[in-house]
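Notes follow the structure.
What follows is calculated from the coordinates using simple rules that are stated; it is not laboratory data. These numbers come from a predicted model, not from an experiment. Quick reminder, even Gly has a Cβ in these numbers, built from the backbone with ideal geometry, and neighbours come from all protein chains shown.
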């Protein structure tokens, strides 16, 4: 059975795509899932995180297959790994139109992180339009959510008005996530009892059951 291919996409930079890709990968491998992780963003932030993980744990122990490839080389890699993995996660670039489109086209689900701000909401419309043009289902996830922000529910409602499904799970603006990323690890490995770990685990479980 082919694995689930999830592309994390957002036209606005700084939305937290790389953090979600890394943290979901760790969450799923901790449940015993087979995961393949692909970075096609020229900024290569996910590749840097994977490099830190390789240095810390050893190449044989990072827990997933990983590659950093340009979009035009990605399609074959995705096809090959979808046959062996339960999840293939693609971290796509924010602005490179052709590469982002390749990543969206390859996906069974386009996961769109949205910070609760009007700027992120406006940028999200272009990402949703791309997913619609490629006939791929999209799921928005509220990310880097500040505590006690009145904007969060307004942005969630606005996403619903755009016709996009919104994940039940939300990811807070958590220092624990930053610290885990800086070590090449998942928050479930560095702070398993933290609210950040609970939020990532809940989102991973929600996506797994979709």
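Residue 2 versus residue 210, label points 7 Å from Cα toward the beta carbon: distance in nm?
It works out to 1.7 nm between the two label points.
Rank 100, 48, 27 by mean-square fluctuation in a GNM of the chain with C-alpha springs under 10 angstrom and give only the top-ranked residue.
It is 48.
Between residue 154 and residue 126, take the C-beta separation as r, use R0 = 25 Å, and let me know the FRET efficiency to the nearest 0.05.
That pair, residue 154 with residue 126, gives E of 0.80.
Taking the beta-carbon count within 10 Å as an exposure proxy, list 149, 117 from fewest neighbours to most.
Taking fewest neighbouring Cβ atoms as first place, the list is 149, 117.
If you average the alpha carbon positions of the range 62-100 and of the range 115-130, how far apart do those two centres end up, in angstrom?
A separation of 23 Å, based on Cα centres.
Could you check the spin-label model distance between residue 108 and residue 84? Points 7 Å from the Cα along Cα→Cβ, value in nm.
Result for the modelled spin labels: 1.8 nm.
As a test of the formula, what do you get for the chain when each DSSP H run with n ≥ 4 contributes -39,500 (n - 2.57) and the sum is divided by the residue count, at 222 nm and rounded to the nearest 500 deg cm²/dmol?
So the helix-based figure for the chain works out to -14500 deg cm²/dmol.
Report the residue, chosen from 106, 182, 36, that carries the largest GNM mean-square fluctuation when the chain is represented by alpha-carbon nodes joined by springs under 10 Å.
182
For a quick check: sort 171, 90 by the number of other beta carbons within 10 angstrom, fewest at the front.
The fewest-first ordering by Cβ neighbours comes to 171, 90.
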